[in-house]
Amino acid sequence: MIRAYLPRVSGTFLGSLAPLPERLCPNVEDCLGSGTLLLERAGIETARLDVECLLADVLASTRWQVILEPRRRLTQAEFGRYLALLERRERREPLAYLLGTREFWSLPLAVSSGVLIPRPETETLVEASLAILRRAPPQPPAPSPQPPVILDLCTGTGAVAVALARELPAARIIATDISRRALRMARTNAERHGVADRVTFLRGDLWRALDGHAPANGVDLVVSNPPYIPSGTLATLMPEVQWEPRRALDGGRDGLQFHREIIATVPQHLRPGGFLLLEIGADQAAAVAGLLAPTGAFEGPRVFQDLAGRDRVVVARRTILH
Ligand SMILES: C[S@@+](CC[C@H](N)C(=O)[O-])C[C@H]1O[C@@H](n2cnc3c(N)ncnc32)[C@H](O)[C@@H]1O
């Protein structure tokens, strides 16, 4: 609790949530100094950056503007809001939930509690999809090159679906999730980025979302970042992750429950010559390759690495029947 151990920092009383008289409200410099100390004590490595972001949010400004005005005094209302946010962050609530936004593929996306925060490594899924479509645009069995039809299973905030729709102005995207809240957020993000007219949102348990809506000729690309953390590992992850919905993370005993279900059914929905792209945990590539091989329905697989050099996406091509 803030009031417990930050009564005085930089000469400013930052320990009370009671309204302070305006003239006693601290300035930006004091807020940054004391807030950083508080979050450092809570074990947050990015304490200074987080405090700058929170203060910028409170002041409806940018981080840089905040830093450039160290003497700016907060109003009572601003200070109250800052303390409330700081206290939530101290309890390790993710910064993205406090700010209500997270950047993905250089697009600001709306996020809120109850929906997984998109991760930078998931951009590998977008990169691999674009690399594939630019090298092998959809053709057979279509008579002429057609705009791609892409299925994003487990879309969450719609991060992958929206990024692909922005990059591929003719593509049609089907985005599914079991969570109503996630789909609402995904729709908001698609509208915000001007692609909602090309994205169809369907709710349901994995493939069941497509019941009655599956494209007759199958889709060209199936992308998915399904839950893939082994159930037993979840409790060992960072405190921030514990605020995210378990249903978005828990991949069952070995983490591969969703990969198994996706691989078993994808041949019914992916056209011959189409591609399946699955995000994986860094140590899951061999196991996922082991799930693909016995189906006899795929060529490959190929593994893409994320920016940290870790295995992140498995790509397999549906065999073309002659
Ligand atoms: C790891 S998150 C990925 C979200 C988003 N694609 C991203 O990369 O940021 C997994 C998503 O799968 C959804 N999900 C969990 N179980 C599901 C199921 N049985 N059917 C469909 N979606 C499911 C969760 O609601 C969550 O949004």
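Any read-out appearing in this document is the output of simple, stated calculations on the displayed coordinates, not a laboratory observation. Keep in mind it's a predicted model, so treat the numbers as computed, not measured. Backbone-built Cβ (ideal geometry, glycine too); neighbour counts: all protein chains shown.
Looking only at helices (runs of 4 or more DSSP H) that lie completely in segment 20-81, which have at least 1 residues being surrounded by fewer than 19 Cβ atoms within 10 Å (Cβ to Cβ) and more than 27 Å from the chain's Cα centre (by Cα)? Outline the logic, then answer.
Details: elements: 28-41, 47-58, 63-68.
Ranges flagged: 28-41, 63-68.
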* Among residues belonging to segment 82-98 that are buried (at least 17 other Cβ atoms within 10 Å of the Cβ) and among the hydrophobic types (A, V, I, L, M, F, W, C), point out the one that is farthest from Pro239 (Cα to Cα). => Leu83
* **Ser106 vs. criteria free of Cβ contacts under 8 Å to residues at least 24 places away in the same chain and within 16 Å of the ligand (Cβ to nearest atom)** => yes
* Kindly indicate whether any position in segment 132-146 is under 28 Å from Ala308 (Cα atoms), more than 16 Å from the ligand (Cβ to nearest atom), part of a helix (DSSP H, G or I) and in contact (Cβ under 8 Å) with a residue 24 or more places away in the chain. => yes
* If a residue has to be surrounded by fewer than 18 Cβ atoms within 10 Å (Cβ to Cβ) and either touching a Leu at 6+ places or on another chain (Cβ under 8 Å) or in contact (Cβ under 8 Å) with a residue 12 or more places away in the chain (or both) to count, how many in segment 276-296 make the cut? -> 6
* Structure fact -> Of (1) surrounded by fewer than 19 Cβ atoms within 10 Å (Cβ to Cβ); (2) free of Cβ contacts under 8 Å to residues at least 40 places away in the same chain, Trp243 satisfies every one except (2)
* Hey, can you tell me all the residues within segment 255-275 that are small (Gly, Ala, Ser) and either buried (at least 20 other Cβ atoms within 10 Å of the Cβ) or touching a Pro at 6+ places or on another chain (Cβ under 8 Å) (or both)? => Gly255, Gly273, Gly274
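Here is a yes/no grid of residues against (1) free of Cβ contacts under 8 Å to residues at least 12 places away in the same chain; (2) away from the ligand (no atom under 14 Å from the Cβ):
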residue: Asn189; (1), (2): no, no
residue: His193; (1), (2): no, yes
residue: Arg208; (1), (2): yes, no
residue: Pro215; (1), (2): no, yes
residue: Ile229; (1), (2): no, no
residue: Gly232; (1), (2): no, yes
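When the residues of segment 234-248 are filtered to those that are outside any loop (DSSP other than H, G, I, E, B) and touching a Ser or Thr at 6+ places or on another chain (Cβ under 8 Å), which remaining residue is farthest from the ligand (Cβ to nearest atom)?
Out of the qualifying residues, it is Trp243.
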* Looking at (1) farther than 23 Å from Arg119 by Cα; (2) touching a residue at least 24 places away in the same chain (Cβ under 8 Å); (3) within 12 Å of the ligand (Cβ to nearest atom), find the lone condition where Gly251 falls short. => (1)
